[in-house]
There are 2 protein chains.
Amino acid sequence: MPEVVVLRIGHRPERDQRVTTHVGLTARALGARGMYLAAEDHGIVQTIADVVDRWGGNFFVKDRVSWRGCIREWKESGGTVVHLTMYGERLGTIEEEIRKKDRILIVVGAEKVPGDLYGLADYNVAVTSQPHSEISSLAIILDHIFEGTELDLEHAGAKIRIHPSPAGKSTEAL
Amino acid sequence: MPEVVVLRIGHRPERDQRVTTHVGLTARALGARGMYLAAEDHGIVQTIADVVDRWGGNFFVKDRVSWRGCIREWKESGGTVVHLTMYGERLGTIEEEIRKKDRILIVVGAEKVPGDLYGLADYNVAVTSQPHSEISSLAIILDHIFEGTELDLEHAGAKIRIHPSPAGKSTEAL
């Protein structure tokens, strides 16, 4: 199973807090190891740290990252960079190749991304060529990379656990 | 292939505009037929109508819907109601059964949902039992229902089309 980390770029602290929080929580819930944030936003770091504290695992968030530096280091250490964009190649044609990589950095942009990102990425990948959401694109590529196994992940050290239930809520304090 | 419509509940116009827009665009891009919105928000109706006008297809958004009435009518006409919730049954254990249904209403809540919703739904389904995002949950259940075929959907009547490309942007005006 590859090691996956998300790099969130284009985040505007005043406007994108909620969407970037969803990006981070989606990354965590669906098996990524952490999120680099190419902006300063302590609120997001703290919100996600609180979720990790309560729900377990060791997902990290690191803000104030230089996105170009992050991509360069990732590539220099032998990792693969996947940029999610509606202009990219279809996920279906490329996912088998991506799934074989050891370490994958998934770059998730906001509305506009710097033009040179397309050239810096090893793969530009479209989860449909339609406008929708970086959150849904990230969810689907993670599910395709991990082939559904991430849906039943256990997160070590959780203080609370949900017991799946056909109706109602069943939780256990640990 | 089942007919799928999304019902978005708990939407607060001042706070949830962006997330609900992502819900609607995700629904459209991933093969749902429309979205009922249990709130009044003309801005979202218009934003998504503009996307449909430009990018094609006949996805609808209807606001000011009574969520209880909507669920009742859907069930009375023989449809199946699936409520996305982290407390529900695991997607993996239930998806094969859901996929066989003809008409599926997927109920997507915001942070808190009315307690009786759990009983009104035919299925309460968890896309992981972890906190993340209604947008990612919706994306994954649609991808699992349609088994990936929705990723290559063509949307009739589009004014613009993207040609998938390994680097850069290739669009065609139609």
For segment A:102-127, give me each residue that is open to solvent by 10 Å² or more (accessible area, probe 1.4 Å) and at the interface with chain B (Cβ under 7 Å from one of its Cβ atoms). A:Tyr118, A:Gly119
Mind listing whichever residues of segment A:136-151 are within 22 Å of B:Glu96 (Cβ to Cβ) and either modelled with pLDDT under 95 or out of contact with any helix residue (DSSP H, G or I) (no Cβ under 7 Å at 6 or more places or on another chain) (or both)? A:Phe146, A:Glu147, A:Thr149
Per the filter on segment A:146-162, residues within 8 Å of chain B (Cβ to nearest Cβ) and open to solvent by 70 Å² or more (accessible area, probe 1.4 Å) are A:Asp152, A:Leu153, A:Arg161
Quick check on A:Ala167: is it in a helix (DSSP H, G or I), at the interface with chain B (Cβ under 7 Å from one of its Cβ atoms) and over 21 Å from B:His163 (Cα atoms)? no
Looking at segment B:132-174 only, could you name the residues that are aliphatic (A, V, I, L, M) and under 29 Å from A:Leu151 (Cα atoms)? B:Ile135, B:Leu138, B:Ala139, B:Ile140, B:Ile141, B:Leu142, B:Ile145, B:Leu151, B:Leu153
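Conditions (1) closer than 21 Å to B:Val23 by Cα; (2) of a type outside the set (A, V, I, L, M, F, W, C); (3) assigned to a loop (DSSP other than H, G, I, E, B); (4) touching a residue at least 24 places away in the same chain (Cβ under 8 Å), marked per residue:
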residue: A:Glu111; (1), (2), (3), (4): yes, yes, yes, yes
residue: A:Pro131; (1), (2), (3), (4): yes, yes, yes, yes
residue: A:Glu150; (1), (2), (3), (4): no, yes, no, yes
residue: A:Gly157; (1), (2), (3), (4): no, yes, yes, yes
Quick check on my filter: what residues within segment A:133-148 are assigned to a helix (DSSP H, G or I) and among the small types (Gly, Ala, Ser)? A:Ser136, A:Ser137, A:Ala139
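This table checks each residue for (1) modelled with pLDDT of 95 or more; (2) out of contact with any helix residue (DSSP H, G or I) (no Cβ under 7 Å at 6 or more places or on another chain); (3) crowded, with 21+ Cβ neighbours inside 10 Å.
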residue: B:Gly31; (1), (2), (3): yes, no, yes
residue: B:Ile44; (1), (2), (3): yes, no, yes
residue: B:Gly56; (1), (2), (3): yes, yes, no
residue: B:Asp63; (1), (2), (3): yes, no, no
residue: B:Trp67; (1), (2), (3): yes, yes, yes
residue: B:Cys70; (1), (2), (3): yes, yes, no
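Taking the condition surrounded by fewer than 23 Cβ atoms within 10 Å (Cβ to Cβ), among the β-branched types (Val, Ile, Thr), within 20 Å of A:Ser136 (Cβ to Cβ) and away from every other protein chain (no Cβ under 12 Å), does A:Val5 pass?
Details: surrounded by fewer than 23 Cβ atoms within 10 Å (Cβ to Cβ): yes; among the β-branched types (Val, Ile, Thr): yes; within 20 Å of A:Ser136 (Cβ to Cβ): yes; away from every other protein chain (no Cβ under 12 Å): yes.
Yes.
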Can you name the residue in segment A:128-145 that is among the hydroxyl-bearing types (Ser, Thr, Tyr) and facing another protein chain (nearest Cβ under 7 Å) and, of all such residues, is most open to solvent (accessible area, probe 1.4 Å)? A:Ser129
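With the structure loaded, tell me whether B:Val82 is among the aliphatic types (A, V, I, L, M), within 30 Å of A:Gly168 (Cβ to Cβ) and either open to solvent by less than 10 Å² (accessible area, probe 1.4 Å) or more than 14 Å from chain A (Cβ to nearest Cβ) (or both) or whether it fails that test.
Working: among the aliphatic types (A, V, I, L, M): yes; within 30 Å of A:Gly168 (Cβ to Cβ): yes; either open to solvent by less than 10 Å² (accessible area, probe 1.4 Å) or more than 14 Å from chain A (Cβ to nearest Cβ) (or both): yes.
Taking the combined requirement at face value, the residue satisfies it.
The values are calculated or read from the model by the stated rules, or taken from the named source; none is laboratory data. What you are looking at is a predicted structure, and each value in this text was computed from that prediction instead of being measured. Positions of Cβ are backbone-derived with ideal geometry, glycine not excepted, and every protein chain shown enters the neighbour counts. When the accessible area is computed, the model is the full protein with side chains, heavy atoms only, and any ligands, DNA or RNA have been set aside. Shrake-Rupley method; radii C 1.70, N 1.55, O 1.52, S 1.80 Å.
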